[in-house]
Amino acid sequence: MSKKLMFLPAISVLLFAVPSLAAEVRFEKIVIDKTFRAEGVATGDVNHDGEIDVMAGDVWYAGPGPDWKMHEVRPVGQYDGTKGYSQCFANFARDVNGDGWVDSIIIGMPGDPCWWYENPKNKPGHWKKRMIVNSACNETPIFVDIRGNGKRVPVFAVRPQGLMAWFSKPKDLDGLWDMHTIAGPDAPGTKKYSHGLGAGDVNGDGRMDVLVKEGWWQAPKKPTKDNWTFHPANLGPDCADLLVYDVDNDGDSDVITSSAHRYGMWWFEQDGPEFKQHVIYDKFSQAHAMILADINADGVKDIVTGKRYFAHQGKDPGGKEPAVLYWFELRRTAGKGPEFVPHKIDDDSGVGTQFEVRDMNQDKKLDIITSNKKGVHVFLQLP
């Protein structure tokens, strides 16, 4: 590790969320690092010790605490969130080369290349770097199981052609990845800084469709087929993740979105080819990433999101308000419409452009892992 890098020990704080109908949901906030490292984060057992570690762009942290020792993946940048950005908009974990060790996939600023870094298997030095594609666009690149085989792949736009595509590993791992064109050229959602991208089964055929705010592409039987059928739809203003879920439990899929730089979260009720917009919450801005997860283990998926603090250096509406983190409990009551009940987890962390929800300590409760201009955090759900 460079002698110039300053690192403080992790800090833990107990946090209390509003009680749900079933039980109180509580979190312990762990401050892994107060330094701005990345706005994307990934998790996996990097060092093969049986514990889950945290990756945040240039670095990774050995879990569990209390120390969360930091190690370099690549040369570490010095990022000032009041003036600019990091070189990690999204970070995904996958064993790319099949050697049993988790590797790191990193996307920098929109339009920059997407890279994968080979895990050195506990050997010293930076990780070997290889390019996946030379241009990764849209501000919400995603990593999903397009093929339905349990293996997630990158999905994002490619410039200058304006393609929407997904990528599979090539036979030659030193070469660019195989690109499968969903749509283009100049398809919706494919500008360098386009806002809004998601994947899910919109039409109930069991396949993973791809969505932008202008509509959705219907997945064919063979996802490697180019030029998927597009269905125009009005899915609201500029957003971040587009999540697909049957919110009202009527048997069809609805869509959930949030404003990336303004106030607002919505769910869009599917009614034939149309989608009816409903407000979920509008009390904080810059919800630049969202995840569906059953936080309280009641069998219904909830929303986890928060503020991307200083997304545009505080210039967005509400940009200087607290960096909150929330989960929204989805409640369904007979004779009434669905309700999302807000539970504030924290007001000094927020989310970045991509984050994770997973069981970090194998206690069968979901935890939240974030990295943004407020630093790197883990929120452990307590018994």
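Within the range 158-186, residues that are more than 20 Å from T140 (Cα to Cα) and open to solvent by 30 Å² or more (accessible area, probe 1.4 Å) reach partners that are hydroxyl-bearing (S, T, Y) and part of a strand (DSSP E or B) with beta carbons closer than 9 Å, at six or more positions or on different chains, in the pairs D178/S168. Please work out which residue is farthest from the chain's Cα centre (by Cα), limiting yourself to the range 250-263 and to residues that are surrounded by 20 or more Cβ atoms within 10 Å (Cβ to Cβ) and assigned to a strand (DSSP E or B). Of everything passing the filter in the range 250-263, D254 is farthest from the chain's Cα centre (by Cα). Within the range 273-292, the only residue that satisfies the criterion of being surrounded by fewer than 17 Cβ atoms within 10 Å (Cβ to Cβ) and either assigned to a loop (DSSP other than H, G, I, E, B) or small (G, A, S) (or both) is P273.
Restrict the check to the range 222-236 and report whether at least one residue is open to solvent by less than 10 Å² (accessible area, probe 1.4 Å) and either assigned to a strand (DSSP E or B) or of a type in the set (S, T, Y) (or both). No. Being assigned to a strand (DSSP E or B), among the β-branched types (V, I, T) and either open to solvent by 10 Å² or more (accessible area, probe 1.4 Å) or in contact with an Asp or Glu (Cβ under 8 Å, 6 or more places away or on another chain) (or both) is the filter here, so list the residues in the range 51-109 that pass it. Result: V59, single match.
Does the range 174-183 include one or more residues that are under 21 Å from A42 (Cα atoms), in a loop (DSSP other than H, G, I, E, B) and at pLDDT 95 or above? Yes, that holds for at least one residue. Against the list (1) more than 25 Å from Q218 (Cβ to Cβ); (2) part of a strand (DSSP E or B); (3) open to solvent by 10 Å² or more (accessible area, probe 1.4 Å); (4) in contact (Cβ under 8 Å) with a residue 60 or more places away in the chain, the condition Q270 fails is (1). For the range 187-209, the set of residues classified as surrounded by 17 or more Cβ atoms within 10 Å (Cβ to Cβ) and of a type in the set (G, A, S) consists of A187, G189, S194, G196, G198, A199, G200, listed by residue number. Taken together, I142, I146, I132 contain a single residue that is assigned to a loop (DSSP other than H, G, I, E, B) and hydrophobic (A, V, I, L, M, F, W, C), which is I146.
The values are calculated or read from the model by the stated rules, or taken from the named source; none is laboratory data. All values derive from a computational prediction rather than experimental measurement. All Cβ positions, even for glycine, are placed from backbone atoms using ideal geometry, and neighbour counts span all protein chains on display. Areas reflect the complete protein model, heavy atoms only, side chains present, ligands, DNA and RNA absent. Shrake-Rupley method; radii C 1.70, N 1.55, O 1.52, S 1.80 Å.
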